[in-house]
């Protein structure tokens, strides 16, 4: 039986934040994010969702366990680092739903859950009256020495969903890579999709 998927907001979203943090720390340890992860970073990051009107999480459950999660919130509720590229572009940040992470345990990939995550978040943007969805992805060298065997880029999947990579829209975020004690800057490039 495939996992069930449910969109949650408000108190249900708040209750899901520990599961989202756990999945982020597990999934993002792998390439290309190589995220060391810490409870402090997760608390800082996920606090944005507690304060943001219009925030959403889409959860995939198998039995009683959350095995995947995907988040979104209006860009105007995001950090200055994520809003800044849009302020200098043709897009109005007040019309953008920012798509946070989509994290899914490896055993559940390839079952259509990634599409469900996008479907639910894009429908949420429409309900909020927003006309653009956008997310950013870390930029790593094309052929890094630590590229894991079997790694598949998600660029083709994102393009199939109608997203366009925008090299002119980028920002810098900081986190510690696996095995590092200090946070270092990471260049993040945005992908966007017009909904109307």
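One residue stands out in the range 100-122 among those that are more than 16 Å from the chain's Cα centre (by Cα) and assigned to a helix (DSSP H, G or I): the one that is farthest from residue 165 (Cα to Cα), namely 107.
Please go through the range 174-196 and pick out each residue that is assigned to a strand (DSSP E or B) and under 19 Å from residue 89 (Cα atoms). Passing the criteria: 187, 188, 189, 190, 191, 192, 193, 194. Looking across the range 143-163 at every residue that is modelled with pLDDT of 90 or more, part of a loop (DSSP other than H, G, I, E, B) and over 17 Å from residue 113 (Cβ atoms), the one that is nearest to the chain's Cα centre (by Cα) is identified as 163. Taken together, the residues in the range 164-176 that are at pLDDT below 95 and surrounded by 16 or more Cβ atoms within 10 Å (Cβ to Cβ) amount to 2. When every residue of the range 71-79 is checked against the conditions, at least one turns out to be under 23 Å from residue 126 (Cα atoms) and touching a residue at least 60 places away in the same chain (Cβ under 8 Å).
The values are calculated or read from the model by the stated rules, or taken from the named source; none is laboratory data. None of the values given here were measured: they were computed from a predicted structure. Methodologically, a virtual Cβ is constructed for each residue, glycine included, from the backbone with ideal geometry; neighbour enumeration extends over all protein chains shown.
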